1. What is region 39-80 by shape, rounded, prolate or oblate, if you read a ≥ b ≥ c off the alpha carbon gyration tensor as root eigenvalues and call it rounded for a/c under 1.5, prolate for a/b larger than b/c, and oblate otherwise?
2. Modelled label-to-label distance, R95 and D16, 7 Å Cα→beta-carbon offset: nm?
3. D16 accessible area, nearest 10 Å², 1.4 Å probe?
4. Please list 27-38, 144-155 highest first by mean number of surrounding beta-carbon atoms within 10 Å per residue.
5. Return the distance in nm (one decimal) between the two label points of a simple spin-label model at T144 and M248, each offset 7 Å from Cα along Cα→Cβ.
6. Could you rank F123, F223 by how accessible they are, 1.4 Å probe, largest area first?
7. In nm, to one decimal, how far is the modelled label at W27 from the one at N130, with both set 7 Å along Cα→Cβ?
8. How big is region 1-102 along each principal axis, measuring the range of its Cα positions in Å and listing the largest first?
Amino acid sequence: MNFMIIFRPIEIVVADIMVVWHTMLTWLGLPPDSGAAWALSIVGLVITIRIILVPLFVKQIKASRAMQMIAPELKAVQAKYKGKKDAASREAMSRETMELYSKHKTNPFASCLPMLVQAPIFFALFRVLNYEIGPDAAGIGWLTPELSAQADSASLFGAPLSSSFLEPGSTMTTKIVASVLIIAMVATTFLTQRQLTRKNMPASALEGPMAQQQKVLMYVLPFIFVISGPNFPIGVLIYWTTTNLWTMGQQFYVIRRNPTPGSDAEKTYKARLAAKAAKKGTPLIDNTDPEHPVIEAGESSGQRVQPKKKPRKKR
């Protein structure tokens, strides 16, 4: 069985979404064979896919937050069986770890769902740009041979969208455009990981093996793209950079509006709410502290505001 047949339906969907966006952009006035029309079609592909993946992104955020919150408990389990190499101890540690995941309704793989779902789309776009665009292409889905020829002639700042840095015969313009996009892809990947780990993690989650894994991932993932990026077509680099920018925006919104308890982002969030309450002269409700649920605007003591007693009715 040909392994590539599995990706054929995904390639058709990717090509069709690009054609729909290209049709809309052409209707708005962009030349059909321009690099702007086809580059923005790839951006439109990102927008479409990421809107579809919003439920998975919400699940990812919840899973990541739960993993951060149970980090101290996981660390305690690991410390309990530290140095014990026998099969019974390993089995007990694995069982207690799974019980923790079950108790908090999370697992370490849920936070990878959006990336895992996007991987086939990324690969399908790579194949569409490499094999389905050209003057002799047979077409795929709504990407007719005529549209394929248009996309083949489209270029971004003089670099064809289907060309890559390491492609034989690539021009200096292609190498420059590809280098800029690779740098943007690597930088946005690093900043996305840093934003998630540094701003939205409580202090307890910044220690231990899981935190070390996050740090390694933050530096290793961009390095992988430095090595693999020169092989990607310009269009794929546009897709991945746009995806990273979308992810950064989503994370920024979530961290700003609903930060993880105990993180630096939560401190900033509470300070911002307190400043707004002080400006309006209204009490600030703080539901995170059961001992002092109400903070009076302009006061820092955190004392509870006692409700006023209603006068008794006269008989």
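The values are calculated or read from the model by the stated rules, or taken from the named source; none is laboratory data. A quick note: this is a predicted structure, and the numbers were derived from the prediction, not measured. Here the Cβ is made from the backbone with ideal geometry for all residues, glycine too, and neighbour counts use every protein chain on show. Just so you know, the surface numbers come from the protein's heavy atoms only, side chains and all, with ligands and any DNA or RNA stripped out. Shrake-Rupley method; radii C 1.70, N 1.55, O 1.52, S 1.80 Å.
1. Working: a/c = 6.98, a/b = 3.81, b/c = 1.83.
Because a/c hits 1.5 or more and a/b exceeds b/c, region 39-80 counts as prolate.
2. Spacing of the two 7 Å Cα→Cβ label points: 5.0 nm.
3. Rounded to the nearest 10, that gives 30 Å².
4. On the way: 27-38: 15.7, 144-155: 19.1.
So the peptides 27-38, 144-155, ranked by packing, come out 144-155, 27-38.
5. So the two model labels end up 3.9 nm from each other.
6. On the way: F123 70, F223 120 Å².
Result, largest first: F223, F123.
7. My value for the distance between the label points is 3.4 nm.
8. For region 1-102, the Cα extents along the three principal axes come out at 67, 39, 21 Å.
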